[in-house]
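Take a look at the structure set out below.
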Amino acid sequence: MVSSEKELKQRSNNQCELCGATDNLSVYDVPNAKVMVIYACHTCIEQMEDSEKIEANHWRCLNDSMWSEHIPVQVVVWRLLFKLKKEGWPQDLLNMMYIEDATLEIAKSLMDIEDEKQEAIHRDVNGVVLSSGDSVILIKDLKVKGSSLIAKQGTPVRNIRLDRDNKNYIEGKVGPTQIVIITDFVKKI
Ligand SMILES: [Zn+2]
């Protein structure tokens, strides 16, 4: 495991491992993975640390750095591409990128931690992200609190609302009745 700045300088040929810049370089601790470090320039670090400063075009450099042989660089590149994928071209690079399953798992798990920090993300039983207005089906019979109603497995619930305070709950109508449902019991359709 590379740790010292000296080793990083050697590994990176004194260049930002993301964009190739040669100025303002410093050691960047991959968040939530303190054992992983990359050598990166001020511009890259600033944008990684503050999503609002992201300029998608700066990250065209990932086109090259995605081929790095170094796992910490691969993890960071994958996460950045994933974050930017709505731009289109990052999705193409993700499809092309060669990344070992184990490395991909690290990248994904770190990203989940970041996401959860940012906001409460509602996910269905399969981990699919739920948004307001989505439709789901119930994956088991649920007794509706405060009534004799049983909402049957397979019942669709349309136009759900997310509980802002608790990512484990959504609301929606079963027939005429508004109910609160635990996200573990629904599947997005
Ligand atoms: Zn850079």
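The values are calculated or read from the model by the stated rules, or taken from the named source; none is laboratory data. None of these values were measured; they are calculated from a predicted model. As a convention, Cβ positions derive from the backbone with ideal geometry for all residues, glycine included, and neighbour counts pool all protein chains shown. Areas reflect the complete protein model, heavy atoms only, side chains present, ligands, DNA and RNA absent. Shrake-Rupley method; radii C 1.70, N 1.55, O 1.52, S 1.80 Å.
Please note which helices (runs of 4 or more DSSP H) are completely contained in the stretch 1-69 and include at least 2 residues that are near the ligand (Cβ under 10 Å from one of its atoms) and open to solvent by 50 Å² or more (accessible area, probe 1.4 Å). In the stretch 1-69, the matching helices (runs of 4 or more DSSP H) lie at 42-49.
Count of the stretch 142-164 residues, restricted to those that are part of a strand (DSSP E or B), closer than 15 Å to residue 182 by Cβ and open to solvent by 100 Å² or more (accessible area, probe 1.4 Å), is 2.
Beta carbons closer than 7 Å, at least 6 apart along the sequence or on distinct chains, pair a first residue in the stretch 46-74 that is over 13 Å from residue 18 (Cβ atoms) and touching a residue at least 12 places away in the same chain (Cβ under 8 Å) with a second that is away from the ligand (no atom under 13 Å from the Cβ) and part of a helix (DSSP H, G or I) for 56/87; 71/103.
Pairing each residue of the stretch 159-182 that is aromatic (Phe, Trp, Tyr) with any residue that is not in a strand (DSSP E or B), provided the two are 6+ apart or on different chains, yields C-beta distances under 6 Å for 169/163. List pairs: first residue in the stretch 16-42 and on the phi > 0 side of the Ramachandran plot, second residue modelled with pLDDT of 95 or more and within 10 Å of the ligand (Cβ to nearest atom) anywhere in the structure, Cβ distance under 8 angstrom, at least six positions apart or on different chains. Pairs found: 20/61; 20/65; 24/41; 24/42; 24/43.
Look at the stretch 86-109: where a residue is open to solvent by less than 40 Å² (accessible area, probe 1.4 Å) and a partner is among the β-branched types (Val, Ile, Thr), sitting 6+ places away or on another chain with Cβ atoms under 8 Å, you get 97/77; 103/71; 103/75; 107/75; 107/99. Considering the stretch 1-36 alone, what residues qualify as being touching a strand residue (DSSP E or B) at 6+ places or on another chain (Cβ under 6 Å) and modelled with pLDDT of 90 or more? Selection gives 8, 12, 16, 17, 18, 21, 24, 25, 27, 28. What number of residues in the stretch 60-98 are modelled with pLDDT under 95 and small (Gly, Ala, Ser)? Summing the residues that are modelled with pLDDT under 95 and small (Gly, Ala, Ser) in the stretch 60-98 gives 1.
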